[in-house]
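The values are calculated or read from the model by the stated rules, or taken from the named source; none is laboratory data. As the structure is a prediction and not an experimental result, all values here were calculated from the model. Please note: Cβ atoms are built from the backbone with ideal geometry, for glycine as well, and neighbour counts cover all protein chains shown.
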Amino acid sequence: MTTRANTIPLIPPAARRRRSLRFAIVLVTLCTALGACTDSATLVEEDSEQRMAVAFTAVAVSPTQINLSWPMHPASDIAGYRVFRDGAPIAVVGATAFSDRGLTPSTTYSYRYSAYDIAGNESVQSAPVTATTLADSSPRSFANDIFPILQTCVGCHSDYASPQTAYLSVTGRGIGVCGGRATTVAGSAARSLLYQKVTSSHDCGVLMPPSGRLNSEQASTIGTWINQGAANN
Ligand code: HEC
């Protein structure tokens, strides 16, 4: 028990699940025999995840950047660290810090990291930490910033052709598949169908535009305009 705090098992990824399963079976057999079952097999895993997350910080420093840092892993043969954002690997670094850039303003991201050694063995991932990028305060204009982006959609959405009808359309209600939804919820990009549809966070219909997609700066401009109140400015 006392040594465990310093010993994070570095197990080859493929073997990890098999081994912890075998470990769990041994424990279950043992505790069944003793008549005193607890779920200590799961606790070991949780304990490591929690330990990895001690002093792991994510700090939003701008509307598009979050800085991460974590403590050095105690094992002597650590080769580097892997960083995960919202479940997907985004970086492999030798240092114990990483700056995640190009993010969307006013958006919450969740991070984990793992350590790997020179033989390629990888630790468990830390428990997650989250941070929300700062709000973008430079004002976005519907006419100058949003309307031009919507011109790439006019082939299908003919109501986006003039600034007046485009504004009414993107602040009105969804039709068809997403019927009745508020296309834009002023102040909340996350709850707005328009933003969900161009960032694939939607749960109805298809990603917009259906082929190709807006680049992250265009999507972020739409998100910022909505978060700033979705004015007809
Ligand atoms: C190839 C045709 C096509 C293009 C291009 C296209 N859309 Fe669509 N769009 C559709 C269809 C069809 C629907 C209805 C089906 C759905 O909701 O998935 C739709 C639905 C939507 C909705 C849901 C609201 C509603 O009225 O139902 C939004 C918001 C939207 N599109 C935004 C856009 C934006 C923004 C662009 C350009 C960046 C774009 N679309 C480009 C065909 C298109």
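With the structure loaded, tell me whether G180 is over 20 Å from L103 (Cβ atoms), outside the structural domain of R85 (by TED's automatic domain parsing) and not acidic (D, E) or whether it fails that test.
Values: over 20 Å from L103 (Cβ atoms): yes; outside the structural domain of R85 (by TED's automatic domain parsing): yes; not acidic (D, E): yes.
In short, yes.
Answer yes if at least one residue in the stretch 174-184 is part of a helix (DSSP H, G or I), touching a residue at least 12 places away in the same chain (Cβ under 8 Å), exposed (fewer than 12 other Cβ atoms within 10 Å of the Cβ) and not aliphatic (A, V, I, L, M), and no otherwise.
So in the stretch 174-184, the residues part of a helix (DSSP H, G or I) come out as 176-178.
Remaining after also requiring touching a residue at least 12 places away in the same chain (Cβ under 8 Å): 176-178.
When the remaining residues are screened for being exposed (fewer than 12 other Cβ atoms within 10 Å of the Cβ), the result is 176-177.
Now drop any that are not not aliphatic (A, V, I, L, M), which leaves 176.
Yes, there is a match, as at least one residue in the stretch 174-184 is part of a helix (DSSP H, G or I), touching a residue at least 12 places away in the same chain (Cβ under 8 Å), exposed (fewer than 12 other Cβ atoms within 10 Å of the Cβ) and not aliphatic (A, V, I, L, M).
Sort out which residues of the stretch 210-233 are within 11 Å of the ligand (Cβ to nearest atom) and loosely packed, with under 14 Cβ neighbours inside 10 Å, and write them in order of number.
So in the stretch 210-233, the residues within 11 Å of the ligand (Cβ to nearest atom) come out as 210-215, 218-219, 222.
Correct list: P210, S211, G212, N215.
What are the residues in the stretch 146-184 that are under 16 Å from G229 (Cβ atoms) and within 12 Å of the ligand (Cβ to nearest atom), if any? Full working, then the answer.
If we filter the stretch 146-184 for residues that are under 16 Å from G229 (Cβ atoms), which is where we start, we get 146, 167, 170-171, 182-184.
Residues satisfying the conditions are I146, V170, T171, A182, T183, T184.
Would you check if D145 is out of contact with any Asp or Glu (no Cβ under 8 Å at 6 or more places or on another chain) and more than 24 Å from S62 (Cβ to Cβ)? So that I can check it myself, show each step before the final result.
Numbers: out of contact with any Asp or Glu (no Cβ under 8 Å at 6 or more places or on another chain): yes; more than 24 Å from S62 (Cβ to Cβ): no.
No: the conditions fail for D145.
Which residue, of S158, S123, is of a type in the set (G, A, S), more than 22 Å from T64 (Cβ to Cβ) and touching an Asp or Glu at 6+ places or on another chain (Cβ under 9 Å)?
Details: S158 fails: touching an Asp or Glu at 6+ places or on another chain (Cβ under 9 Å).
Step by step, each of S158, S123 is checked, and only S123 is of a type in the set (G, A, S), more than 22 Å from T64 (Cβ to Cβ) and touching an Asp or Glu at 6+ places or on another chain (Cβ under 9 Å).
Which one of L193, L168 is in contact with a helix residue (DSSP H, G or I) (Cβ under 6 Å, 6 or more places away or on another chain), outside the structural domain of Q65 (by TED's automatic domain parsing), aliphatic (A, V, I, L, M) and free of Cβ contacts under 8 Å to residues at least 24 places away in the same chain?
The conditions single out L193.
Give the residue, chosen from L207, L193, that is in contact with a Lys or Arg (Cβ under 8 Å, 6 or more places away or on another chain), over 14 Å from G229 (Cα atoms), at pLDDT 90 or above and more than 6 Å from the ligand (Cβ to nearest atom). Walk me through how you get there before you give the answer.
Values: L193 fails: more than 6 Å from the ligand (Cβ to nearest atom).
After applying the criteria, what remains is L207.
Given A135, A131, which one is in contact (Cβ under 8 Å) with a residue 12 or more places away in the chain, away from the ligand (no atom under 16 Å from the Cβ) and part of a strand (DSSP E or B)?
Details: A135 fails: part of a strand (DSSP E or B).
Going through A135, A131 in turn, the sole match is A131.
Quick one: count up the residues across the stretch 67-81 that are touching a strand residue (DSSP E or B) at 6+ places or on another chain (Cβ under 8 Å) and over 26 Å from L134 (Cβ atoms).
Narrowing the stretch 67-81 to residues touching a strand residue (DSSP E or B) at 6+ places or on another chain (Cβ under 8 Å): 67-70, 72-73, 75, 77-81.
Still in the running and over 26 Å from L134 (Cβ atoms): 72-73, 75, 77-80.
Number satisfying all stated conditions: 7.
Please work out if V198 is out of contact with any helix residue (DSSP H, G or I) (no Cβ under 8 Å at 6 or more places or on another chain) and in a helix (DSSP H, G or I).
On the way: out of contact with any helix residue (DSSP H, G or I) (no Cβ under 8 Å at 6 or more places or on another chain): no; in a helix (DSSP H, G or I): yes.
Answer is no for this residue.
Hey, among the residues in the stretch 113-128 that are surrounded by 14 or more Cβ atoms within 10 Å (Cβ to Cβ) and assigned to a loop (DSSP other than H, G, I, E, B), which one's nearest to the ligand (Cβ to nearest atom)? Even if it seems obvious, please write down each step before you answer.
Here is the first cut: in the stretch 113-128, the ones surrounded by 14 or more Cβ atoms within 10 Å (Cβ to Cβ) are 113-117, 121-128.
Now drop any that are not assigned to a loop (DSSP other than H, G, I, E, B), which leaves 121, 123-128.
Details: N121: 45, S123: 42, V124: 39, Q125: 34, S126: 37, A127: 36, P128: 30 Å.
Per the stated criteria, the residue is P128.
Could you tell me which of the residues A131, A115, A166 is modelled with pLDDT under 95 and of a type in the set (A, V, I, L, M)?
Details: A131 fails: modelled with pLDDT under 95; A166 fails: modelled with pLDDT under 95.
Going through A131, A115, A166 in turn, the sole match is A115.
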